[in-house]
1. Hey, if you put +1 on the Cβ of every Lys and Arg and -1 on every Asp and Glu Cβ in the chain, which of ALA60, GLY74, LEU43 ends up farthest toward the positive end of that dipole?
2. Under a point spin-label approximation (7 Å from Cα along Cα-to-Cβ), what is the ILE6-LYS87 distance to one decimal in nm?
3. Test of understanding: what is the full-extension gain from LYS80 to ALA32, defined as 0.36 nm times their sequence separation minus their Cα-Cα distance?
4. Two decimals is fine: what is log10 I(q)/I(0) at q = 0.11 Å⁻¹ for the chain, from a Debye sum with one equal scatterer on every Cα and no solvent?
5. Relative contact order, percent, of the chain when contacts are C-alpha pairs under 8 Å separated by at least 6 residues?
6. Tell me, what is the per residue accessible area of the chain in Å², probe radius 1.4 Å?
Amino acid sequence: MANMNIDRATLRALADEGNETALDRLADLTDAAGDTGELSELLDEGSMRAGFLLTRRAAASGDLRELQRICDAGYDEAGKELDRLLKAPADGHRD
């Protein structure tokens, strides 16, 4: 199988035409570039892969507001991760 370097413009064009695989690949490239702004835009366009990637980043940094925003944008797993973090004992203590 050939290792293809597909440019972002081509992926964007395919994604705009409704190609979900291209949208997922574009999300992966955007995540690798660290562009959370564009990832958010991709989530707003309906990319669940972008939602997953944003949720992973927000959970790792403990960004509860970002998890809520991602959930509100339509990625339900972010809400589950938010609930998990909210239910976790603070500093290992449960009062």
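The values are calculated or read from the model by the stated rules, or taken from the named source; none is laboratory data. Worth saying up front: this structure is predicted, and the values here are computed from it rather than measured. Glycine also receives a Cβ, built like all others from the backbone with ideal geometry; neighbour counts cover every protein chain displayed. Areas reflect the complete protein model, heavy atoms only, side chains present, ligands, DNA and RNA absent. Shrake-Rupley method; radii C 1.70, N 1.55, O 1.52, S 1.80 Å.
1. ALA60
2. So the label points at ILE6 and LYS87 sit 3.8 nm apart.
3. Numbers: separation 48, 0.36 × 48 = 17.28 nm, distance 2.43 nm.
The LYS80-ALA32 span can extend by a further 14.8 nm.
4. Each listed q corresponds, in turn, to -0.37.
5. Values: 86 pairs, mean separation 16.4, N = 95.
In percent, rounded to a whole number, it is 17.
6. On the way: 6300 Å² over 95 residues.
I get 66 Å² per residue for the chain.
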